[in-house]
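Beneath this line is the structure, given in structure tokens, with notes to follow.
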Amino acid sequence: MKFQSKLPDHEVTIFSVMTQLAIEYDAINLSQGFPDFDTYPELITRVEKFMREGHNQYAPMQGVMPLRERIAEKTYDMYGAQYDPATEITVTSGATEAVFAAISAVVQKDDEVIIFEPAYDAYDPVVRLNGGIPIYVQLKFPDYNVDWDEVKNTVSSKTKLIILNYPHNPTGAVLSKEDISYLSNIVKNTNTFIISDEAYEHIIFDGLQHQSMSRYPELAQRSFVICSFGKTYHTTGWKIGYCLAPEPLSIEFQKIHQYLTFASNTPIQLAYAEFMQKKDLYLDLPNFYQQKRDKFLSLTSESRFKALPCKGTYYQMLDYSQISNEPDLEFSRRLTVESGVAAIPPSTLYHQKHDHKVLRFCFAKKSETLEKAAEKLCRV
């Protein structure tokens, strides 16, 4: 039987490719973004408790109410934003599912969607699947800043959506209050929505403040704000995230969500709801990961790699131009095979494969893992 692919230009993601290569050559996997240390034992105990208590059936489509209430409390405490847990918060099966639902809720055929590159690779295909037209704006190397004049000139009456991802994967860039001011002026008096992928909201460094869309009422009213428990609690395999949005947007979001996964894991949701009361755990996350960032930078300081600024997330961009002129995809493959360290080549996260001779390394790893990886990188 013959059929026409809906995504003819897309293959298996680079994250899967590099992880498979790392497994094949027994390399240290600093490519795919997950910790190699476990979550909190107490959180696992709470999941088991709710399983044994019989909470093993479908959760409400929107998520269990205790978790939505804790999310509302945390959002108010951190950003001063009030979201109604009954109507404006939806628990999802991971942040990527929330991204899919949010894009699908608002994008129709020939709508234009602004995507900043390098971009998390889920955005483009979902826009295309919904008949939208991706419009690409490149972040400016080497600091990966936004050229807001370019954005202003790109926005038109056809612009249905702007997708933001801060702290930014893969570059580690963050937004400033000045960026927020530019963005607010650009979308003012338009019908443009915003998806703000804030999966790394708690992983921000050097005393900087996360500029969530939730902080700013004029932006929050047009935004789907998406967050991830996986990144916060070192539980990426549990795939639980959530979306904050005003009620009219949440209604449309839930229409899509109910036909994607309907509901997410019940005992895990209940365990998160209890565990979120330990506020110090997510409030201390910047310090936890800044120590890992600084350790990785110190360990690689004698290598021929050059570190670019990393203000958030748990990814470090390293410039390898003093080592090789190879395209980043080729160099990353050779680094995995010959040196035993896997990383992500960011050119694969551009629609036209822009190559700045840098690689993305994940430092959400045990100290011994970082030490072994750095030792290998220093020999390159």
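Each reported figure results from applying straightforward, stated rules to the coordinates on display, with no laboratory input. This one's a predicted model, so the numbers in the text were calculated from it and none came from an experiment. Here the Cβ positions follow ideal geometry from the backbone for every residue, glycine too, while neighbour counts run over all protein chains shown.
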Subject >> Lys/Arg +1, Asp/Glu -1 at C-beta; the chain dipole; positive extreme among GLY94, SER5, SER301 >> reply: SER5
**OP:** For the stretch 341-353, take each phi angle, set θ = phi - 60°, evaluate the Karplus expression 6.51 cos²θ - 1.76 cosθ + 1.60, and give the result in whole Hz per residue in order, putting x for glycine and proline.
**Re:** 9, 9, 9, 9, x, x, 4, 6, 9, 10, 6, 10, 6
**OP:** Using just the helices of the chain, give the 222 nm mean residue ellipticity in deg cm²/dmol: DSSP H runs with n ≥ 4 each add -39,500 (n - 2.57), and the total is spread over all residues, rounded to 500.
**Re:** -11000 deg cm²/dmol
Original post:
Under a point spin-label approximation (7 Å from Cα along Cα-to-Cβ), what is the SER156-CYS378 distance to one decimal in nm?
Top reply: 5.4 nm
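Quick check on my link table: of LYS2/LYS239; LYS279/LYS311; LYS74/LYS152; LYS239/LYS311; LYS6/LYS158, which ones sit more than 31 Å apart, alpha carbon to alpha carbon?
On the way: LYS2/LYS239 34 Å; LYS279/LYS311 22 Å; LYS74/LYS152 33 Å; LYS239/LYS311 25 Å; LYS6/LYS158 23 Å.
From the list (LYS2/LYS239; LYS279/LYS311; LYS74/LYS152; LYS239/LYS311; LYS6/LYS158), the Cα-Cα distance tops 31 Å for LYS2/LYS239; LYS74/LYS152.
Taking a ≥ b ≥ c as the square roots of the Cα gyration tensor eigenvalues, with a/c under 1.5 meaning rounded and otherwise prolate when a/b beats b/c, else oblate, which class fits the stretch 182-296?
Note, shape of the stretch 182-296 comes out oblate.
If I stretch the segment between ASP147 and ASP284 completely, what's the gain in nm (0.36 nm per residue apart, minus their alpha carbon distance), one decimal?
Working: separation 137, 0.36 × 137 = 49.32 nm, distance 3.19 nm.
Difference between extended and current length: 46.1 nm.
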**OP:** Rank ALA263, ALA72, LEU249 by how far each Cα sits towards the positive end of the charge dipole of the stretch 41-278 (+1 on Lys, Arg Cβ; -1 on Asp, Glu Cβ) and give me just the farthest.
**Re:** ALA263
Original post:
Which ³J(HN,Hα) values, rounded to whole Hz and listed in residue order, are derived for the stretch 178-188 from phi using the Karplus coefficients 6.51, -1.76 and 1.60 in 6.51 cos²θ - 1.76 cosθ + 1.60 with θ = phi - 60°, glycine and proline given as x?
Top reply: 5, 4, 4, 4, 4, 4, 4, 5, 5, 8, 4
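May I ask you to compute the full-extension gain from LYS140 to GLU24, defined as 0.36 nm times their residue separation minus their alpha-carbon distance, rounded to one decimal in nm?
Numbers: separation 116, 0.36 × 116 = 41.76 nm, distance 3.49 nm.
The LYS140-GLU24 span can extend by a further 38.3 nm.
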Subject >> Estimated inter-spin distance, PHE37 and ILE251, nm [label 7 Å along Cα→Cβ] >> reply: 4.6 nm
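Hey, got the dipole for the chain? About the Cα centre, +1 on K and R Cβ, -1 on D and E Cβ, debye to the nearest 20?
Details: 39 positive and 48 negative charges, 48 e Å.
For this selection, approximately 240 debye.
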Original post:
Name the residues of the stretch 226-250 whose amide N is less than 17 Å from a point 7 angstrom out from the Cα of MET51 along the C-beta direction?
Top reply: 235-240
**OP:** Taking the dipole about the Cα centre of the stretch 142-257, with the C-beta of Lys and Arg at +1 and of Asp and Glu at -1, give me whichever of VAL174, VAL187, PRO142 is farthest to the positive side.
**Re:** VAL187
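Can you give the charge dipole size of the stretch 233-380 about its Cα centre, rounded to the nearest 20 debye, using +1 on the beta carbon of Lys and Arg and -1 on the beta carbon of Asp and Glu?
Details: 20 positive and 16 negative charges, 45 e Å.
Charge dipole of the stretch 233-380: 220 debye, to the nearest 20.
Find the Cα radius of gyration of the chain, compare it with 2.2 N^0.38 Å by division, and give the number to two decimals.
Numbers: Rg = 20.5 Å, N = 380, 2.2 N^0.38 = 21.0 Å.
Cα Rg divided by the expected 2.2 N^0.38 Å: 0.97.
Over the chain, calculate the relative contact order: mean separation of alpha carbon pairs under 8 Å at least 6 apart, over the residue count, as a percent.
Details: 735 pairs, mean separation 95.7, N = 380.
It rounds to 25 percent for the chain.
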